[in-house]
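The values are calculated or read from the model by the stated rules, or taken from the named source; none is laboratory data. Here the structure is a predicted model, which is why all the values come from computation and not from measurement. Here the Cβ is made from the backbone with ideal geometry for all residues, glycine too, and neighbour counts use every protein chain on show. These area figures cover heavy atoms from the full protein model, side chains too; ligands, DNA and RNA do not enter into them. Shrake-Rupley method; radii C 1.70, N 1.55, O 1.52, S 1.80 Å.
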Amino acid sequence: MGAAPHPSSRPPPSGPCGPTGAEHVLTTGVHTAAKGYHRGTHRTVAPEETWQRIRPMLPRYGVTRVADVTGLDDIGIPVFQAVRPASRTVAVSQGKGLTPHAARVSAAMEAIELWHAENLPIPSNPRTAASLDLPYRLARLDLAEGSLLHDGLPLRWLESEGLLNGASIPVPESAVRLDHTYRAEWTPPLFRTTSNGLASGNTVAEATAHALAELCERDSLARLRARPRAGWHRLDLDSVDAPDCLHLLALYASAHVSVEVVVADRHPACFEARIRSEAHPVTYTGAGCHLDPAIALSRALAEAAQSRLTAITGARDDLPPLLYRPADGRTRATENLGTRTTTWWTAPSAGDFDSDVRTLAEVIADRTGTEPMRVTLPSPTAIPVVKVIAPGLAFDDRTDVSASNGRPRTGGDAA
């Protein structure tokens, strides 16, 4: 994978927990948890304002190019790429949105998130889990296949914050760090290296809400795929009345791309969109999860277009060769997604991110019996980036770039 960044690109040393205290902000002036932007996503400020703030910082994070690749496909849903050649994970980050401004910011912020997870300061003084009073079991984290983790193994720890009771809780540093570079020594992985629960935002609360929604999405999709397809529910697209979703569906129709949407969950709303066309006979998927069903569906529809453009551009270094088989060698069989349908529904959405964080944290705690925990990553430019750890959630191996198949799995045995 990518080469290690030059040491000068790393953030200055800080405590093992990163910044603490008051709400972190992207730059001076964005201190509120209120939502000021609602098109296709919820943000504190409009994407144009976020872009003006982060654009001067991109060289600091090794981003050399942010490119509009929308026109390489004929769907028309905005998709951008952010290129980071010295990445320790993937060198190209994707972004999508209802507008080019939203897609541009989405790609750039994803690259910035990955940089933060790749460049964590190394905590000192390894300790065993047995010596700590952990409110969760290590076995319920998202472990690597064949992991040798046990409670007597010395680990380095980061401090996290419980999102329901506010307590300081240690979490393994290696469950937060992302690094796919090769090493000379034999170091079997303990945890799966994924970006699940990694998110950025204009404020810490905004970033945390997005991280929690992503974790709910991963869990809902993994549990969906563990059920027989005959029992899946498809969304009745004729019943959808959300304007932004109708706009995206119209773009697909104009490009002669078929769309089916599977309902993975209702609270929070979670959808998986599946697209396919005769001109490009591969099924691509996109997922979205949010307390507002309209946001969840618009995310799923936009991500499906992003998935297809990712394959078309060929720029990612984690794409399976299957995508590039000759068209006449691909299976064209219609997928069986069951016969049950669900009509569109609406749900009230809170006006601030603090309420969303509380609601989503309670959803995860209800599913797992353990509150999710937030690590605020140290940042050299004060861009809020968090990693949320949720022991006991189910995940799908297709979010692990080192996996070769897509088996649903849970973080250890059930409580």
Name the residues in segment 269-298 that are assigned to a helix (DSSP H, G or I) and closer than 19 Å to ALA253 by Cβ, would you? ALA294, LEU297, SER298
State which residue is surrounded by the most Cβ atoms within 10 Å (Cβ to Cβ) when the search covers only segment 52-80 and only residues that are under 20 Å from the mean Cα position of the chain (by Cα) and within 30 Å of SER349 (Cα to Cα). VAL79
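Pick out the one residue from GLU260, GLU278 that is modelled with pLDDT under 95 and among the acidic types (Asp, Glu). Working first, answer last.
On the way: GLU260 fails: modelled with pLDDT under 95.
Only one candidate qualifies: GLU278.
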Could you list all residues from segment 138-156 that are in contact with a Phe, Trp or Tyr (Cβ under 9 Å, 6 or more places away or on another chain) and not in a loop (DSSP other than H, G, I, E, B)? LEU143
Considering every residue within segment 248-262, establish whether at least one is within 19 Å of ALA305 (Cβ to Cβ), part of a strand (DSSP E or B) and open to solvent by less than 20 Å² (accessible area, probe 1.4 Å). yes
Residues of segment 376-415 being modelled with pLDDT of 95 or more, of a type outside the set (Lys, Arg) and not in a loop (DSSP other than H, G, I, E, B), in sequence order, are THR376, VAL385, VAL386, VAL388, ILE389
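For (1) open to solvent by 50 Å² or more (accessible area, probe 1.4 Å); (2) under 16 Å from the mean Cα position of the chain (by Cα); (3) polar (S, T, N, Q), each residue gets a yes or a no:
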{"residue": "CYS270", "(1), (2), (3)": "no, yes, no"}
{"residue": "VAL282", "(1), (2), (3)": "no, no, no"}
{"residue": "PRO293", "(1), (2), (3)": "no, no, no"}
{"residue": "TYR324", "(1), (2), (3)": "yes, no, no"}
{"residue": "PRO348", "(1), (2), (3)": "yes, no, no"}
{"residue": "SER355", "(1), (2), (3)": "no, no, yes"}
Go through segment 366-375 and report how many residues are part of a helix (DSSP H, G or I), touching a residue at least 40 places away in the same chain (Cβ under 8 Å) and open to solvent by 20 Å² or more (accessible area, probe 1.4 Å). 1
Determine whether SER195 is within 23 Å of ASP366 (Cα to Cα) and open to solvent by 40 Å² or more (accessible area, probe 1.4 Å). yes
Counting only residues that are farther than 13 Å from ARG367 by Cα and part of a helix (DSSP H, G or I), which one in segment 223-236 is least open to solvent (accessible area, probe 1.4 Å)? LEU224
